[in-house]
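Take a look at the structure set out below.
The values are calculated or read from the model by the stated rules, or taken from the named source; none is laboratory data. Predicted model only: the values in this text are computed from it and were never measured. Counting neighbours? That spans all protein chains shown, and the Cβs are built from the backbone with ideal geometry, glycine included.
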Amino acid sequence: MSLLARRRVAAALVALPFCWTGARAQPAAARRPTPAQTEGPFYPVELPADADADLLRNGRLAYAQGQPAWLDGVVTDLDGKPVAGAQVEIWQCDHAGRYHHPGDGGRADAAFQGFGRVTVGSDGRYRFRTIKPVPYSGRTPHIHVKVKLARRELLTTQLYVEGDANNERDFLWRRLGAERALVTVPFRAGSDGLQASFPIAVAV
């Protein structure tokens, strides 16, 4: 190998760490925040004694109505980093469109927990066992979602079902405009019921 060729190889090897370091140093693309929506009138007046991640069991009662579904996702900040310690809450109506709330007549199925809460770990992941949401008078199917960190509320929003025929008639869904894609997800058939994933990005 000529002296000139050896110098070119040496220069390339010296430059490699610089190029690699430069590639790793590129900042991650900022994430669009999950849009906020109204809490609605049916947030629990009192949290249920059973408020875990399985809404299909309320104490000793097992709920066998509706379409069982898993809802999961990751809570991140706007840089894509998991928000460890965040609490994720969901609440929704039962298969007949009734909430566990005195303002809705208190007629929800007692076996449906209706509300769940989990605290995410260092990976930011959450998972709930629930049902695919159903429509009721004036509203398209949805699940209410709230994210807290310590004493702060980071987000309150609503999750919608992709492709549901009621969406276009729902005033809250229409009001979202282009942002509706961030809160509208498919419920797909899986080996253990329906599966839906809802990533959540919040400003911390």
Are there any pairs with C-beta distances below 8 angstrom linking a residue in region 179-204 that is within 21 Å of Gln65 (Cβ to Cβ) to a residue that is of a type in the set (Val, Ile, Thr) and surrounded by 12 or more Cβ atoms within 10 Å (Cβ to Cβ), with the two at least 6 apart or on different chains, and if so which?
-> Phe187/Val161; Ala196/Val185
Looking at this structure, is Ala69 in contact with a Lys or Arg (Cβ under 9 Å, 6 or more places away or on another chain) and either at pLDDT below 95 or not β-branched (Val, Ile, Thr) (or both)?
-> yes
When residues of region 27-43 are limited to those that are small (Gly, Ala, Ser) and over 16 Å from the mean Cα position of the chain (by Cα), the one modelled with the lowest pLDDT | Ala28
Does any residue of region 92-111 turn out to be under 18 Å from the mean Cα position of the chain (by Cα) and farther than 15 Å from Phe42 by Cα?
-> no
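Listed here are the residues, each with its yes/no results for (1) within 25 Å of Gly190 (Cβ to Cβ); (2) in contact with a Pro (Cβ under 9 Å, 6 or more places away or on another chain); (3) touching a residue at least 40 places away in the same chain (Cβ under 8 Å).
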{"site": "Arg57", "(1), (2), (3)": "yes, no, yes"}
{"site": "Leu61", "(1), (2), (3)": "yes, no, yes"}
{"site": "Asp77", "(1), (2), (3)": "no, no, yes"}
{"site": "Gly103", "(1), (2), (3)": "no, yes, yes"}
{"site": "Ala111", "(1), (2), (3)": "yes, no, yes"}
Mind checking which residues of region 151-168 are farther than 17 Å from Gly40 by Cβ, at pLDDT 95 or above and not acidic (Asp, Glu)?
-> Arg152, Leu154, Gly163, Ala165
When residues of region 118-162 are limited to those that are in a loop (DSSP other than H, G, I, E, B) and among the polar types (S, T, N, Q), the one surrounded by the most Cβ atoms within 10 Å (Cβ to Cβ) = Thr140
Report yes if Val75 is β-branched (Val, Ile, Thr), buried (at least 17 other Cβ atoms within 10 Å of the Cβ) and within 23 Å of Leu47 (Cβ to Cβ), otherwise no.
-> yes
Does Ala150 satisfy the condition of being within 17 Å of Gly66 (Cα to Cα) and of a type in the set (Gly, Ala, Ser)?
-> no
Can you tell me which residues in region 79-117 are more than 30 Å from Ala30 (Cα to Cα), assigned to a loop (DSSP other than H, G, I, E, B) and among the acidic types (Asp, Glu)?
-> Asp94, Asp109
What are the residue pairs meeting all of these: first residue in region 125-139, first residue free of Cβ contacts under 8 Å to residues at least 12 places away in the same chain, second residue surrounded by 19 or more Cβ atoms within 10 Å (Cβ to Cβ) and of a type outside the set (Val, Ile, Thr), Cβ atoms under 8 Å, and 6 or more apart or on different chains?
-> none
Determine which single condition Leu55 fails, assuming it passes every other condition in (1) modelled with pLDDT under 95; (2) closer than 22 Å to His142 by Cα; (3) surrounded by 15 or more Cβ atoms within 10 Å (Cβ to Cβ).
-> (1)
